[in-house]
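Values quoted throughout were computed directly from the atomic coordinates according to the rules given, and no laboratory measurement underlies them. Since the structure is predicted, the reported quantities are computational estimates derived from the model, not experimental observations. Note that each Cβ is placed from the backbone with ideal geometry, even for glycine, and that neighbours are counted across all protein chains shown.
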Amino acid sequence: MARRRILILMSNTGSGHRASALALRAELKRAFDRQVRVSIIDLLSDYLPPPLRYAPNAYPFLSQDAPWMWKSLWQLDMRIAAPAMRTAARAARHSVLRTLQAYNPDLIISVHPLVQHLVAAASRQRFPSIPFVTVVTDLGGIHPLWFHRSVTRCYVPNDDAYQLACRSGLLPGQVRNYGLPIRPGFGDRLHQRMAIRRELGLLPEEQAVLLMGNGVKRARVIKTARSIARGLGAGGEGRGQLVIICGRNERLVAELSAISWPAPTRILGFVEEMATWMQACDCMVTKAGPGTIAEAMASGLPLILNGYIPGQEAGNVTYVVEQGAGRYLVDPNEAAHQVTRWFTHEQAEMELMAQRALTLARPHATRDIVADLGALLDMRAYSPALLADDSLSASR
Ligand code: UDP
């Protein structure tokens, strides 16, 4: 049988859409191997005509330097947002059609809230019989633009999102609630922290805090890191080590590397093996990115959220705090003091939050979504592991 061509449409606004797209591709290949050919493209930046293709470039500035402006855009009433998207879709129509014809897909997957609006009309017109699905990659603050009535399926991360999808006009039969897709490995080796620390060259016996530097202003990351290291180093109230992952922020790596640290500190740029670094640590300080939160929950990591992008990430803060899986502490010193307390006399609270995180985790989301996609394409799972798990997914 000819390979099924699967086209995943995303945009590099934040790393979360890309991480979910990679997770889906890895699982599709694992489950269906040579039956599928999976392409991931940045539809917005690489395939739309100017000026539409420049819109994603504004996202880092708006979300980090002008959050109030981003918030007003995000809060635009759907009576304005929906017609604006229809206008953009008309302007993008030829480019979208050309792209779809070039890839000639058997299945289209969107992992970005704007994509379905750009693609729906074109795919209905030229590819009316192929499935077109949305995978929602936000957690707490899900924008109604995610929900387009013409999709074959919409995969959502939790019950609230399921309700919102139905209120936005999707039929219950269109919506599947499997969780936010994360890459493989996050739920693995949960009880081997010391061994993993040794493998990574960390001190096996010392507790470790993971501080994420991506998506937070450089000065705040440095201040938080200094404060944590003071608390955990000689003369501080606690003991422990610090891992700082800066993502693609090379300037942050350089500035942190020039500091002399009072506690053992590892500074890293972009890492592919986030699962391993999460497994090596006891807690995490991060902004409220949905992908990172879902990964941390699967890894049983209690969270200190130290910021959020207004709009789509505000709901993530409420979700984590209300569910008892972490705290929201923006001030660098307060965040650092909480780490020290968790590593000393509030250890019980940290462990309780780790348990809560594991309870909320949906580590099989990617596998369940891919099993359902396979059914849409009438494909048999190639992977014996997936076949063995079929009964699990079916009973859900
Ligand atoms: N990430 C990664 N390596 C890094 C830094 C981040 O793989 O060095 C991943 C992280 O694990 C998560 C994604 O980047 O999957 C960030 O997505 P999230 O939804 O948390 O935030 P966004 O960047 O989309 O705002």
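If amide H atoms are built 1.01 Å from N in the plane of the peptide, which residues on other chains or at least 5 residues away come under 5 Å of the amide H of Gly326?
Leu303
Just how large is the dipole of the stretch 68-113 about the Cα centre, in debye to the nearest 20, putting +1 at every Lys and Arg Cβ and -1 at every Asp and Glu Cβ?
Computed charge dipole of the stretch 68-113: roughly 200 debye.
Collect residues whose amide H, placed 1.01 Å from N in the peptide plane, falls under 5 Å from the amide H of Leu211; neighbours closer than 5 in sequence don't count.
Here Val243, Ile244, Ile245, Val285 satisfy the definition.
Say the dipole of the stretch 271-333 comes from +1 at the beta carbon of Lys and Arg and -1 at that of Asp and Glu; which of Ser299, Thr276, Ala325 then lies farthest toward its positive end?
Ala325
Suppose only helical runs count, i.e. DSSP H with n ≥ 4. What mean residue ellipticity at 222 nm does that imply for the chain under -39500 (n - 2.57) per run, divided by all residues and rounded to the nearest 500 deg cm²/dmol?
The per-residue figure over the chain is -14000 deg cm²/dmol.
Expressed as a whole number of Å, what is the distance separating the alpha-carbon centroids of the stretch 307-366 and the stretch 6-49?
29 Å
Of Ala314, Ala89, Ser150, which is farthest along the charge dipole of the chain in the positive direction, counting Lys and Arg as +1 and Asp and Glu as -1 at C-beta?
Toward the positive end, the furthest listed residue is Ala89.
Let me understand the chain better: what is its radius of gyration from the alpha carbons, and its Dmax, in angstrom?
Gyration radius and largest Cα-Cα distance of the chain: 21.5, 68 Å.
Assign unit charges at the C-beta atoms only (+1 for Lys and Arg, -1 for Asp and Glu), then state the dipole size of the stretch 144-211 relative to its Cα centre in Debye, rounded to the nearest 20.
So the magnitude is around 300 debye.
Grab the other residues whose beta carbon is less than 11 angstrom from that of Arg34, score K and R as +1, D and E as -1, and report the net.
+3
State the volume of the convex hull built on the alpha-carbon positions of the stretch 297-390, expressed per residue in Å³ and rounded to an integer. Don't jump to the answer; show the numbers that get you there.
On the way: hull volume 12.3 nm³, N = 94.
For the stretch 297-390, the hull spanned by Cα atoms encloses 130 Å³ per residue.
Within the chain, what's the longest stretch lacking GluC sites (Glu not before Pro) that sit in DSSP loops with no more than 15 other Cβ atoms inside 10 Å?
1-204
Taking the Cα centre of the chain as origin, sum charge times position over the Cβ atoms of Lys and Arg (+1) and Asp and Glu (-1), and report the length of that vector in debye to the nearest 20.
On the way: 45 positive and 33 negative charges, 280 e Å.
Computed about the Cα centre, the dipole is about 1340 debye.
Can you list residues whose amide H is under 5 Å from Ile109's amide H, if they're 5+ apart or on another chain and H is modeled 1.01 Å from N?
Distant-sequence amide H within range of Ile109: Leu7, Ile8, Leu9, Val133.
Which residue, Thr286, Leu164, Thr265, has the largest displacement toward the positive end of the dipole of the stretch 143-297 when charges sit on each Cβ (Lys, Arg +1; Asp, Glu -1)?
Checked the options; the winner is Leu164.
Anyone know which of Ala89, Ala208, Ala254 comes out most mobile in the 10 Å Cα GNM of the chain?
Evaluated over the chain, the most mobile residue of the options is Ala254.
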